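Before we start, here is the structure in question, set down as structure tokens.
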Amino acid sequence: MEEFLRSYSRLCRERGAEPQETVLQRLHELPRGRLDLATQSLTLDTCRALGALLPKEAQLTELVLSDCMLSEEGATLLLQGLCANTILRLLDLKGNNLQAKGAEALGKLLRQNKSIQSLTLEWNNLGAWEDAFATFCRALAGNLTLRQLDLRNNQISHQGAEELALALKGNTSLQQLDLRWNNIGLLGGRALVSCLPSNRTLWRLELAGNNVPSDVLRAVEQAMDHNQDREATVRENRARTRVLSKEVRHLREEKSKQFLDLMQTIDKQREEMAKSSRASAARVGQLQEALDERHSIINALKAKLQMTEATLALWEQKAQDLGELLATAGQEQQSLAQKLTKEHRLEQQEAAERESKLLRDLSAANEKNLLLRNQVDELERKVKSQQDQLFLTKQELTNTAAELKLRAVQAEERLELEKRRSRQSLEDAEQLRIKEVEHMARHLEESERALQERVQRLEAARLSLEEELSRAKAAALSERGRAEEELIKAKNQVRLEEQQRQAHLEERLRLLAQARDEAQGTCLQQKQVVAEAQARGSQLGLQVEALRRRLEELQQELSNKDQEKVAEVTRVRVELQEQNGRLQAELAAQEALKEKAAALERQLRVTASGHREALLDRESENACLREKLRLREAEIARIREEEAQRASFLQSAVLAYVQGSPVRALSPQK
């Protein structure tokens, strides 16, 4: 306002006039965005300066010029300045005695200005000049921004009311019109009533103090009530559509968030599965390397056995060469043979004991392998139970989808019932539909949350089973390592014993070179022992190969289970995607149903508006017919009175004729 004040004083001084002190004081005291110059007599220079400043003012929204005693020229200058203003919303020109030029300037303002929404013209003389007021009404018909118009005490006649009626037929923005204390009369009231069916935005029309009959006022009140109801329904529908659109947006955002979370969980599960498969592949590679090392050890043992057989063959040849020398020492051989037999028996007993110990160890290892196999079977059973649980969850998902479809069908049936009931009460149908939509949304959210919790539980169970499998594998590997260590110890003991026996035999051969027969017997015994060792080695090799095959089978089973889990995860993901697509399709169907319901509601409103308009037309026709009936009844009463007078005259004439009085005295009365 300071800048406005400075520019006002500057313009006044440039044009050779002093600014008004009262105007300056008001400009100092007024709040921002409002210029109140009420009851201030404005000069022509002040009006000219204000008219030059108003088109450029970008902060002024309200202008009050009531009771300012504006002249015709001053009012035209101010209104010309307001034609180019795009910020002003309220204009008050009460009590300024505006006449023909003022009405024409106001018409120009309404044609050019696109921002004024409230115009107060109380206590003026606009209706006294018919042509100027007609131009004002034509401008009002083309205006699209004015919402409130006050024309109280403007001497508007029935002709001015007819012009206003024509303007209201073409106007689509005016909502409140005050015409109290004018001279509209019966004809003007009927003209306004005839224009109201074509105007659907005006919901307040004041006609008190215009000598308008009560039936016309009732018709106006009915039309205003009709427009108010229409405006209220439009506002309610707009509010409901906004609420529904917000709810739909919120549901879409939640669905997208849930879908993204589910995709992230599936990606995480894939990564975990890939990590577990890599770890299992690394473990299998380590086991394969250990098996290769064991094979190499067994091959080395076989080579050593072949070397011992070759050395034994050489010793046999030497024994055959020394047979001749041993013949001489027969007697010594017999004595030594008895000793050797005793020692041999003792060694056989020791070997039997060692063999029993080895068999016990092998049986314990076999029992451990059986326990491990039982654990693996139990784990497989658990995996199968988890698969069954996954299948049950899939069935539950399908059941929930079927339930959702059934509920969608039920919702459609309910929508049809609501459409039937909407003809009776639109508001009840809207409330029921909103409740149904909220219930469906809540149920969908609860079902989705339950499914997500079940999927998380299944994932946790799967992780626990995988941990148990890894533990069982680690236990099997540790048990296998222990059994292999025991086998290696047993083989080392056998090798040491064989070496000791070979050294003992060599010593005995050196000492008893002459005992050929006994040496041959000992050689045969040694061959039997070697054969038994070879048989034991072959048995151990077969056991190792069986364990290797079992490991390969377990690896294949693990790979198959991993593939099955991946396939199940992909299936679950595809099913979830299909469910999301179905849910989106159902949402689209619900939106289509909502659109259909909105279209039906529009049709009902259109039909209701048509019925109301027809009722208004019928009521106006009834009012006209009642007026005609009243006129006819007045004419009939007048005719009856005339007939009664004529009958009385005839009766008096007949009586006078009967009594013998002259008829000429009654003729003038006839």
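Can you go through Arg26, Arg10, Arg111 and tell me which one is in a helix (DSSP H, G or I), within 22 Å of Cys137 (Cβ to Cβ), among the charged types (D, E, K, R) and free of Cβ contacts under 8 Å to residues at least 60 places away in the same chain?
On the way: Arg26 fails: within 22 Å of Cys137 (Cβ to Cβ); Arg10 fails: within 22 Å of Cys137 (Cβ to Cβ).
Only one candidate qualifies: Arg111.
From Gln228, Gln176, grab the single residue that is open to solvent by 50 Å² or more (accessible area, probe 1.4 Å) and touching a residue at least 12 places away in the same chain (Cβ under 8 Å). Before you say what the answer is, go through the steps one by one.
Values: Gln176 fails: open to solvent by 50 Å² or more (accessible area, probe 1.4 Å).
Selected residue: Gln228, the only one of Gln228, Gln176 that is open to solvent by 50 Å² or more (accessible area, probe 1.4 Å) and touching a residue at least 12 places away in the same chain (Cβ under 8 Å).
Collect the residues in region 95-108 that are under 54 Å from the mean Cα position of the chain (by Cα) and surrounded by fewer than 20 Cβ atoms within 10 Å (Cβ to Cβ), keeping them in residue-number order. Quick ask: steps written out before the conclusion?
Narrowing region 95-108 to residues under 54 Å from the mean Cα position of the chain (by Cα): 106-108.
Answer for region 95-108, where residues must be under 54 Å from the mean Cα position of the chain (by Cα) and surrounded by fewer than 20 Cβ atoms within 10 Å (Cβ to Cβ): just Lys108.
When you look at Glu635, is it open to solvent by less than 100 Å² (accessible area, probe 1.4 Å) and farther than 30 Å from Leu196 by Cα, yes or no? Step through it out loud before you land on a result.
Numbers: open to solvent by less than 100 Å² (accessible area, probe 1.4 Å): yes; farther than 30 Å from Leu196 by Cα: yes.
Spelling it out, Glu635 is indeed open to solvent by less than 100 Å² (accessible area, probe 1.4 Å) and farther than 30 Å from Leu196 by Cα.
Moving to a separate point now. From the residues in region 67-88 that are outside any helix (DSSP H, G or I) and surrounded by 21 or more Cβ atoms within 10 Å (Cβ to Cβ), which one is nearest to the chain's Cα centre (by Cα)?
Just the residues of region 67-88 that are outside any helix (DSSP H, G or I), to begin with: 67-71, 84-88.
In the following step, the residues that additionally are surrounded by 21 or more Cβ atoms within 10 Å (Cβ to Cβ) were identified as 68, 70, 85.
On the way: Cys68: 59, Leu70: 61, Asn85: 45 Å.
Checking each candidate, the answer is Asn85.
Please go through region 39-86 and pick out each residue that is closer than 21 Å to Asn125 by Cβ, at pLDDT below 90 and either among the small types (Gly, Ala, Ser) or touching a His at 6+ places or on another chain (Cβ under 6 Å) (or both).
Ser41, Ser71
Any idea which residue in region 173-185 is nearest to the chain's Cα centre (by Cα), counting only those that are more than 17 Å from Asp229 (Cα to Cα) and either in a strand (DSSP E or B) or modelled with pLDDT under 90 (or both)? Break it down into steps so the answer makes sense when it comes.
First pass over region 173-185, keeping only residues more than 17 Å from Asp229 (Cα to Cα): 177-185.
Okay, now just the ones that are also either in a strand (DSSP E or B) or modelled with pLDDT under 90 (or both), so 177-178.
Values: Leu177: 45, Asp178: 48 Å.
Across region 173-185, the extreme among qualifying residues is Leu177.
For Arg462, all conditions in the list (1) at pLDDT 75 or above; (2) farther than 30 Å from Arg573 by Cβ; (3) surrounded by 16 or more Cβ atoms within 10 Å (Cβ to Cβ) hold save one; what is the number of the exception?
Against the list (1) at pLDDT 75 or above; (2) farther than 30 Å from Arg573 by Cβ; (3) surrounded by 16 or more Cβ atoms within 10 Å (Cβ to Cβ), Arg462 comes up short only on (2).
Could you give me the residue pairs with C-beta distances under 6 Å whose first residue belongs to region 397-408 and is modelled with pLDDT of 80 or more, whose second residue is in a helix (DSSP H, G or I) and surrounded by 17 or more Cβ atoms within 10 Å (Cβ to Cβ) wherever it lies, and which are 6+ apart or on separate chains?
Matching pairs, first to second residue: none at all.
So that you can scan it fast, the table gives a plain yes or no per residue for (1) closer than 30 Å to Leu551 by Cβ; (2) modelled with pLDDT under 75; (3) in contact with a helix residue (DSSP H, G or I) (Cβ under 9 Å, 6 or more places away or on another chain):
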position: Leu325; (1), (2), (3): no, no, yes
position: Glu332; (1), (2), (3): no, yes, no
position: Leu336; (1), (2), (3): no, yes, yes
position: Lys339; (1), (2), (3): no, no, no
position: Ala351; (1), (2), (3): no, yes, yes
position: Leu358; (1), (2), (3): yes, no, yes
position: Asn374; (1), (2), (3): yes, no, no
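Next up: Evaluate the following for Leu417: is it over 30 Å from Leu336 (Cβ atoms), part of a helix (DSSP H, G or I) and modelled with pLDDT under 75? Break it down stepwise before answering.
Numbers: over 30 Å from Leu336 (Cβ atoms): yes; part of a helix (DSSP H, G or I): yes; modelled with pLDDT under 75: no.
For Leu417, the condition - over 30 Å from Leu336 (Cβ atoms), part of a helix (DSSP H, G or I) and modelled with pLDDT under 75 - is not met.
Could you say whether any residue in region 51-66 is under 25 Å from Arg138 (Cα atoms), assigned to a loop (DSSP other than H, G, I, E, B) and in contact with a Pro (Cβ under 6 Å, 6 or more places away or on another chain)?
Checking region 51-66: not a single residue is under 25 Å from Arg138 (Cα atoms), assigned to a loop (DSSP other than H, G, I, E, B) and in contact with a Pro (Cβ under 6 Å, 6 or more places away or on another chain).
The values are calculated or read from the model by the stated rules, or taken from the named source; none is laboratory data. Only a predicted model underlies this, so the values are computations on that prediction, with no experimental measurement involved. Because the Cβ atoms are built from the backbone with ideal geometry, glycine has one as well, and the counts that use them run over all protein chains shown. Please note that ligands, DNA and RNA were not included when accessible areas were found on the heavy atoms of the full protein model with its side chains. Shrake-Rupley method; radii C 1.70, N 1.55, O 1.52, S 1.80 Å.
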